[in-house]
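Chemist: Here you go, one structure.
The values are calculated or read from the model by the stated rules, or taken from the named source; none is laboratory data. Note that the structure is a prediction, hence the values are computed from the model and not measured. Cβ atoms come from the backbone with ideal geometry, glycine included; neighbour counts cover every protein chain shown. Just the protein is used for accessible areas: all its heavy atoms, side chains included, with ligands, DNA and RNA removed. Shrake-Rupley method; radii C 1.70, N 1.55, O 1.52, S 1.80 Å.
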Amino acid sequence: MSNQVLSCQNVTANYGAIQALHGINLEVNEGEIVVVLGANGAGKTTTLRAICNMVAGDGTVMFNGQDISKTDTATIVNAGIAHVPQGRGTFAALTVRENLEVGAYTRNDNEVESDIQMWLEKYPVLGERQKQAAGSLS
């Protein structure tokens, strides 16, 4: 049986007086890759922001058995949860490779290079474009 790494129960998010998420539930177990799909404006980015406590909201977010619902964003990132933005959310002046390295900024292990190589193999286009400025990607 897999260990539950991330669990969101009845997660909501608000931008001022506007409620953008209405009770999201999701689970990610150890070894799983979970994808959140939806049209523009469906709440994908807001869901990730709610998990990282970057927006006001409610609900319960558990990470590795710990309730992180009220934890500050920096602590959540240091615990291992990261929001990887697309497009204009990258560091446009940095290369694709440099953006991958920046994503490992808080890590203090010796596995960063092997993890980057794993992702370059999973997504060969990143390997082909790793010296390209990230801001030039679509």
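Chemist: Give the accessible surface of region 1-69 per residue, rounded to a whole number of Å², with probe radius 1.4 Å and ligands, DNA and RNA excluded.
Modeler: On a per-residue basis, region 1-69 sits at 63 Å².
Chemist: Out of 31, 56, 110, whose Cα points farthest toward the positive end of the dipole of the chain (charges: +1 Lys, Arg; -1 Asp, Glu; placed on Cβ)?
Modeler: Selected residue: 56.
Chemist: Label-point separation (nm) for residue 83 and residue 15, each offset 7 Å from Cα along Cα-to-Cβ?
Modeler: In this crude spin-label approximation the distance works out to 1.1 nm.
Chemist: Dividing the Cα convex hull volume of the chain by residue count, how many Å³ per residue is that?
Modeler: 137
Chemist: Rounded to the nearest 500 deg cm²/dmol, what is the calculated helix-only ellipticity per residue at 222 nm for the chain, with -39500 (n - 2.57) per DSSP H run of length n ≥ 4?
Modeler: -7000 deg cm²/dmol
Chemist: Under a plain spin-label model, where a point goes 7 Å from the Cα along Cα-to-Cβ, how far apart in nm are residue 22 and residue 34?
Modeler: Placing both labels 7 Å beyond Cα along the Cβ direction yields 2.1 nm.
Chemist: May I ask you to give the percent of accessible area on region 1-101 that is carbon plus sulfur, with a probe radius of 1.4 Å?
Modeler: 53
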